[in-house]
Structures are given as C-alpha cells and as structure tokens.
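In what follows, a structure is listed as structure tokens, so that the remarks can point back to it.
The values are calculated or read from the model by the stated rules, or taken from the named source; none is laboratory data. Keep in mind the model is a prediction, meaning the values are calculated, not measured. Note that we place each Cβ from the backbone using ideal geometry, even for glycine, and neighbour counts take in every protein chain shown. These accessible areas exclude ligands, DNA and RNA; they are computed on the full protein's heavy atoms, side chains included. Shrake-Rupley method; radii C 1.70, N 1.55, O 1.52, S 1.80 Å.
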Amino acid sequence: MEMTAGNECQGFHFTKHKTVGRDGWKLKRVERVEPPIVVCERGLHAGTALEALNNAPGPWVSWVELSGEVEQQGNKCAGSVRTRLAGPVDATATLREFACRCAERALLREREAGREPDPRSWEAVRIARAHTAGEATDKELEDAHAAAWAGTWAA
C-alpha cells in the first residue's frame, strides 16, 4: 500500500467473485460512497496484501486507488472513491500455495521439536497442491481438509 500525491492511497482489494463484491454489488471500475469515511466502519477499503487478506471475502484481487475523502489507519485505507487500476485476478492458486508452504513449515517445526505431525496433515497439503494442478477433486480436497482437522483435534 502506498500513499500517493495528494489525498490518495493505493493498495489491494479482494472480492468474492470476479465481477461481484462482498454484498452482491456489481464490481465497477470506479465506485463511490458518501462521506464521512471511517476506516473499518464506512468507506471503500484497500490495504497491503496481508491486511487486505485479513478481510478478503474471496480470492479475486485488484490493485486500486482510493481518492476523495481518504483516511489511513496503519496498513489500511478507506476512501469515498475507489478506482480499480488492475485486476481483478484470481489468486486462488497463489493463496493455496502460500497456505501449503505455511503448513509445511509448521509441520516441519513440530517434527524438529520431537512431535511427529499426524500423517493426515501432510496428506492435506499434498491433496491441496494436487487440487490446484487439477489432479484432485473438490470432494478429495474437502475430505483431506476434514481429516487434517480431525487429526489436529485428536492430538
């Protein structure tokens, strides 16, 4: 996220679908809301990649610029005008690979600490990658996810 000249802010914005936002509104190149703008309460939002992910309703990501009345709070901004500069792009595969790498690191740390992770957790990572490659079905992904959670709770 970056503040630009004037009262503008650029950052990431996620939506559930390619053309439809969180509340069913049609994703337009330029959106507007009436002030007052209050970050996390009222306005059109954007943030750093990780900040935007915290509130992501789905995997479609755009690079946007906020203008008009703009308020910044830490790694996020809200504005009265949001202009889509690039996207939306489906980040599903990238987000899944990131999750797989995080899971693998956690599993390896458990192993290094002398606690062997449940094999269902390793299998869930494998199936997630296979699903992204088109080599596993939605049902296999759901089953692997459920099995990994069952193993976690059993521990």
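Would segment 97-155 count as rounded, prolate or oblate if I go by the C-alpha gyration tensor, calling it rounded below 1.5 in a/c and otherwise prolate when a/b exceeds b/c, oblate otherwise?
On the way: a/c = 2.95, a/b = 1.53, b/c = 1.93.
Cα axes put segment 97-155 in the oblate bin.
Computing the accessible area with a 1.4 Å probe over protein heavy atoms, can you report the carbon and sulfur percentage for segment 31-132?
53
Using a 1.4 angstrom probe on the protein heavy atoms only, line up H131, H17 by accessible area, largest first.
Values: H131 40, H17 95 Å².
Reading off the accessible areas and sorting them downward yields H17, H131.
Here r is the Cβ-Cβ distance between A113 and T137 and R0 is 35 Å; the resulting FRET efficiency, rounded to 0.05, is 0.55. Converting phi to 3J(HN,Hα) with the Karplus coefficients 6.51, -1.76 and 1.60 and the offset θ = phi - 60°, segment 96-109 yields 5, 5, 4, 4, 4, 5, 4, 5, 4, 4, 5, 5, 5, 5 Hz in sequence order, with x at every glycine or proline.
Taking 7 Å steps out from each Cα toward its Cβ at E123 and W63 produces label points 4.2 nm apart. In order along segment 67-77, the phi-based Karplus estimate (6.51 cos²θ - 1.76 cosθ + 1.60, θ = phi - 60°) of 3J(HN,Hα) comes to 8, x, 7, 10, 10, 10, 9, x, 9, 9, 9 Hz; Gly and Pro are listed as x.
Rounded, prolate or oblate: which fits the chain when a ≥ b ≥ c are the square roots of the eigenvalues of the alpha-carbon gyration tensor, with rounded for a/c under 1.5 and prolate only if a/b beats b/c? Here the chain falls in the prolate category.
Local charge sum around W149 (other residues, Cβ-Cβ under 13 Å, Lys/Arg +1, Asp/Glu -1)?
Values: positive: R120; negative: D118, E123, E142, D143.
Neighbour charge sum, excluding W149 itself: -3.
Estimated at 0.36 nm per residue, the fully extended path between R32 and A49 surpasses their Cα-Cα distance by 3.9 nm. Excluding ligands, DNA and RNA, the accessible surface per residue across segment 84-154 is 68 Å² with a 1.4 Å probe. Here's the list of aspartates and glutamates a cross-link from K28 could span, going by alpha-carbon distance under 18 Å and ignoring same-chain residues fewer than 8 apart: E65, D90. Computed per residue of the chain from DSSP H runs no shorter than four, each worth -39500 (n - 2.57), the mean residue ellipticity at 222 nm is -12000 deg cm²/dmol.
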